[in-house]
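Heads up, the thing below is written out as structure tokens.
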Amino acid sequence: MPLPRQRMIFRRPMPCGPEPFRVGGLLWAAPRRDVASGAKAKAQDDNPYRETVTLPQTAFSLRANSAVREPEIQRWWAEESVYGDLWANNPGEVFTLHDGPPYANGDLHMGHAMNKILKDVINRYQLLKGRRARFVPGWDAHGLPIELKVLQSMPRERQLELTPIKLRRKARDFAQKTIDAQREQFKRYGVWADWEEPYVTMQPQYEAAQLGVFGRMVAKGHIYRGRKPVHWSPSSQTALAEAELEYPEGHTSRSCYVALEVVDGNGVIGADGPSSLAIWTTTPWTIPANRAVAVNPEIDYVAAAVSGKGGREGGQIVVAAELVGRLSEKLGKQLTAVSAFKGRDLEGVTYRHPLFPDKVQPVILGGDYITTDAGSGLVHTAPGHGQEDYQVALKYGLEIFTPVDDNGVFTEAAGRFSGMAVLKEGNEAVLAELEQQGLLIKEEPYVHKHPYDWRTKKPVIFRATEQWFASVEGFREEALEAIKSTSWMPASGFNRINGMVEGRTDWCISRQRRWGVPIPAFYDVQTGEPLMTQETIAHIAEVVRKHGTDAWWQMPTEDLLPEGLKERAGSLKKGQDTMDVWFDSGSSWAAVAEKLPGLRYPADLYLEGSDQHRGWFQSSLLTSVAVNGKSPYGAVLTHGFILDESGKKMSKSVGNVLDPKVVIEGGKNLKKEPAYGADVLRLWVAAVDYTNDVIFGPNILKQTAEVYRKIRGTIRFLLGSLSDFDAQQHSVAYQSLPSLDRYILGRFHSVQMELDSAYSSYQFSKVFQGIQRFVIVDLSNFYFDVAKDRLYVQGQSSGSRRACQTAMHHILAGLLSSIAPILPHMAEDAWSCWHSPADGRRHSIFKNGWRAPDDEWRSQWSDDDVLAWEHVFRLREVVTKALEVARENKLIGAPLEAKVLIHMEDPSKIERAVSFGPNANGVDELRYIFITSSVEKTTEDAAGQAPHCVSVDVQGLGRVTVGVSRADGRKCARCWNWSEQVGSDGRHPQLCERCLPVVEEMGFELPPKTVEDSLVGAKS
């Protein structure tokens, strides 16, 4: 049965009025403005019993001073090798969270911060649980973006002077400088890692391991060279992988409908006059490369007579039957079906090329990609510029014609269009000529998603080129099985990557750049035939291990060939292509997880943004399955993207970006941009449901900082309350604890079990909610309010006070280990204040391990106990509301001025937990739970005759009547409780029966004048 949770009620004022604050490491009392002012405040300051109250004392400040304290703690961790000792010497099994390498080409943003903080929370939890969680951070350092950064930093004339080696050296220097800067930022987030020994894709040992993966894929027949259409970026002059593309909203193409004159209708069309095939395309520039028209064999087509104003009147055009009505409206002409036939009947029909009339070309049968969703149902087929076009062309033996060069400009093979950029004047020229020849039926803008180069932000084209490919078809089924064997969090990740791998084409792995790992191929200078064997790849990998990949550009061909092939050096030349950067990072399982000590392969977890289903998750999966037949990870966890407070994507151009460095260290104007510290940022990361896109901004940050402050204040109160407590000497056995203390430990047991479960399942928002609720509702708003009376007023060594401290000791130990993964600086700071060895050499809270709750707290806490406390809190709600009304009606001021009269049908339902009257332990009394001076069990009539009364039905308790009147007696000057015994002692006439023995045991005596004044006050 779950333990009940508390709701917010009155906060108990501290005895004698003051709230403590820290000066010189000690807590002192300050006047409470909300309790007293003026003469009353002066009277409280003059209270002679102020010094007899035991106030909390701790050096742990409520103000974090994060800008100073966090770096100090981080330096101490490094000096003491805390992280290194833990991952190397923990007794548990290895846990490997393999780091996806960020790109080394700029400053970090909030996405980087969220990613690394999530990883650190996981690793710190694993370390606390005793596992050996080594974290090796990585960087992706090759590729076009860095090349472009280097080139953009110098004038055009200097760019032309760059040799491949000079360019590579500059790229390496740029990458290393970026890595060094990013590393310091990551460290400031409080992230533990092997920062001095990261993996970087430009390291020789990494590059050699990558070539090893490539070599094994070659040996298994998964790598081949071929000429086929790939995404080509004219702006970057290289092939791109799908993961290097973006699809921005709002791209508009100039689409057109074109009539292709039928030459031979093959007995199907053309008997009743001139006929044309109507095609539709969004890329008019590809029409010079047209080699066929494809139809769907299962679709119904018609030859439709054309009537109406404008060109082509009197002829027939072939379109899909389903589209006749839509095209009539779109073209502004009447289309009337003359004859009908299936698509398969059109195979063998020929037509004249619209731009090169001497070419007569066929109608062929395509596949399911031909639909009636848009266009005419007939597809213009240019095998050199489309994937489906290429596939069907292979079936029919058509020419793979690509009259476009690396710059996206028509070559001489395009005839009169030569020298024109296909995406600019080339497109215009093609449309103009089609219109001039009367073949352009209609042109219109068409808004759709079109691929863009993710770095240059410019459109890409499909273009057939000679490239190196990984044949995914050879291991697709194994990859799909590996996906099934992996745990995907959230579960939607399975569908995403499964669909991508299921439908993906072969992977183009070659790039026409210089900054990268070379594809280790030699080519015959006469025939162009490639030479690449296991032997040559292994030899080059060993050269790279010793000298790095610069050796490919620096060393002569002879030195790069194994001994048995050196004699062929004169007839061979080195290839100039480099590998796709996704092949670089996708080989990290082999270069890092499989090779480094303290890690394991497959890794336990990969954690990156949700966009990596088509990026690193997929490239890692494909290389691992291709080589070893298994997934490189056991589980994959993804996070969303960060949006501003209005739900918009963060963008520098819009000005809504929040720099994590500014969040932590503050901006130029600290009033507008205060320094929150790393822990507040980490707390925000834990608070959100990171599996979806998350909102972040100044207001959210401010709210998070307030929660951080409440947690810190709670820990400060616990530390201060335990300043005189030695667990070895003062602890009270569980069975001897009052019911209240056993209740809070039982409640904490449930919380800790929930937190442990949430951490282990990576549900950090549940951790945040659980900690926040327990700290604010259970502790601050209930237990601390009730406990202050014992802590401040009871004798310092009294059993009831030591019992409270025993519970607090357990709670503090567990709470610090529970917050440590998320708030490591706060936890370490508090731990160091709590545990200060005599020799001054402290140990880290992380070496103390995860503090699991004692099973006794739950096993010895029965369901009946739980139910009794549920009844107590339901009754407490009724009493609280009654006190609020009494205070509003000026019957009482503070709750301690009240006497509560209660009638209920079955008092035994709560008396298992607490008593109505005095209890032997001096704790489990309703007056302390309600923070009133007295509570009496009475008849319904007596309760109803009180100055204020309420009668309600309470779940589980039946009809309850609560009466409120002013407390009997006088107010005790020390504890503020009202008692008829105040004034009964001549030496301390202002004290109640509880405070008197405590003060006497201290040997405290009032000055004679104060005693005399007190007696006069008592008589009056």
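Filter region 331-341 down to the residues that are exposed (fewer than 15 other Cβ atoms within 10 Å of the Cβ) and of a type outside the set (A, V, I, L, M) and list them by number. Answer for region 331-341, where residues must be exposed (fewer than 15 other Cβ atoms within 10 Å of the Cβ) and of a type outside the set (A, V, I, L, M): Gly332, Gln334, Thr336. Residue count for region 400-440 satisfying the condition of being among the β-branched types (Val, Ile, Thr) and touching a helix residue (DSSP H, G or I) at 6+ places or on another chain (Cβ under 6 Å): 2.
Restricted to region 573-673, the set of helices (runs of 4 or more DSSP H) holding at least 2 residues that are farther than 24 Å from Met217 by Cα and touching a Leu at 6+ places or on another chain (Cβ under 9 Å) comprises 660-665. Applying the set (1) of a type in the set (A, V, I, L, M); (2) open to solvent by 10 Å² or more (accessible area, probe 1.4 Å); (3) touching a residue at least 60 places away in the same chain (Cβ under 8 Å) to Val517 leaves exactly one unmet item: (2).
Residues that are closer than 21 Å to Gln554 by Cα and among the acidic types (Asp, Glu) within region 152-171 comprise just one, Glu161. When each of Leu128, Leu97, Leu148, Leu160 is tested for being more than 20 Å from the chain's Cα centre (by Cα), of a type outside the set (Asp, Glu) and buried (at least 20 other Cβ atoms within 10 Å of the Cβ), the lone residue that passes is Leu128. Filtering Asp778, Asp854 for residues that are surrounded by 20 or more Cβ atoms within 10 Å (Cβ to Cβ) and touching a residue at least 60 places away in the same chain (Cβ under 8 Å) leaves a single hit, Asp778. Taking the criterion of being without any contact (Cβ under 8 Å) to a residue 24 or more places away in the chain and either assigned to a loop (DSSP other than H, G, I, E, B) or under 22 Å from Pro451 (Cβ atoms) (or both), the residues of region 392-408 that qualify are Gly397, Asp405.
Step by step: first the residues of region 179-194, then only those that are assigned to a helix (DSSP H, G or I), open to solvent by 10 Å² or more (accessible area, probe 1.4 Å) and out of contact with any Leu (no Cβ under 8 Å at 6 or more places or on another chain), then the one that is nearest to Lys546 (Cα to Cα). Which residue is that? Result: Asp180. Has region 964-972 got at least one residue that is of a type in the set (A, V, I, L, M) and modelled with pLDDT under 95? No, region 964-972 contains no residue that is of a type in the set (A, V, I, L, M) and modelled with pLDDT under 95.
Restricting attention to region 504-543, the residues that are of a type in the set (Asp, Glu) and part of a loop (DSSP other than H, G, I, E, B) add up to 2.
Here is the figure for region 596-653: residues that are touching a Lys or Arg at 6+ places or on another chain (Cβ under 8 Å), small (Gly, Ala, Ser) and buried (at least 17 other Cβ atoms within 10 Å of the Cβ) total 3.
Checking each residue in region 101-120 for being over 20 Å from Met650 (Cα atoms) and open to solvent by 10 Å² or more (accessible area, probe 1.4 Å) picks out only Pro101. The number of residues in region 924-958 being part of a strand (DSSP E or B), more than 50 Å from the chain's Cα centre (by Cα) and of a type outside the set (Ser, Thr, Tyr) comes to 6.
Residues satisfying the criterion are present in region 935-944 (criterion: within 28 Å of Lys881 (Cβ to Cβ), modelled with pLDDT under 95, open to solvent by less than 30 Å² (accessible area, probe 1.4 Å) and touching a Ser or Thr at 6+ places or on another chain (Cβ under 6 Å)).
When Asp741, Asp756, Asp778 are checked against the criterion of being out of contact with any helix residue (DSSP H, G or I) (no Cβ under 7 Å at 6 or more places or on another chain), part of a helix (DSSP H, G or I) and either under 30 Å from His639 (Cα atoms) or of a type in the set (Asp, Glu) (or both), Asp756 stands alone in meeting it. Just one of (1) farther than 22 Å from Pro297 by Cβ; (2) touching a residue at least 24 places away in the same chain (Cβ under 8 Å); (3) open to solvent by less than 70 Å² (accessible area, probe 1.4 Å) fails for Arg352. It is (3).
Consider region 275-291 and keep the residues that are within 19 Å of Asp358 (Cβ to Cβ) and touching a helix residue (DSSP H, G or I) at 6+ places or on another chain (Cβ under 7 Å). The one that is most open to solvent (accessible area, probe 1.4 Å) is Arg291. Among the residues of region 41-72, count how many are under 30 Å from Val680 (Cα atoms) and either surrounded by fewer than 19 Cβ atoms within 10 Å (Cβ to Cβ) or in contact with a Leu (Cβ under 8 Å, 6 or more places away or on another chain) (or both). Qualifying residue count, region 41-72: 15. Just to be sure, is Glu197 of a type in the set (D, E, K, R), open to solvent by 20 Å² or more (accessible area, probe 1.4 Å) and in a loop (DSSP other than H, G, I, E, B)? Spelling it out, Glu197 is indeed of a type in the set (D, E, K, R), open to solvent by 20 Å² or more (accessible area, probe 1.4 Å) and in a loop (DSSP other than H, G, I, E, B). Scanning region 520-537 for residues that are open to solvent by less than 60 Å² (accessible area, probe 1.4 Å) and either out of contact with any strand residue (DSSP E or B) (no Cβ under 8 Å at 6 or more places or on another chain) or touching a residue at least 40 places away in the same chain (Cβ under 8 Å) (or both) yields Pro520, Ala521, Phe522, Tyr523, Asp524, Gly528, Pro530, Leu531, Met532, Thr533, Ile537.
Evaluate the following for Glu1005: is it more than 52 Å from the chain's Cα centre (by Cα), surrounded by fewer than 18 Cβ atoms within 10 Å (Cβ to Cβ) and not in a loop (DSSP other than H, G, I, E, B)? So Glu1005 fails the test. When the residues of region 688-704 are narrowed to those that are among the aliphatic types (A, V, I, L, M) and over 12 Å from the mean Cα position of the chain (by Cα), which ends up surrounded by the most Cβ atoms within 10 Å (Cβ to Cβ)? Once the filter is applied, the top-ranked residue is Leu701.
The values are calculated or read from the model by the stated rules, or taken from the named source; none is laboratory data. Every value quoted in this text rests on a predicted model; they were computed, and no experiment measured them. All Cβ positions, even for glycine, are placed from backbone atoms using ideal geometry, and neighbour counts span all protein chains on display. Ligands, DNA and RNA are stripped out before the accessible areas are found, and what is left, the full protein with its side chains, is counted by its heavy atoms. Shrake-Rupley method; radii C 1.70, N 1.55, O 1.52, S 1.80 Å.
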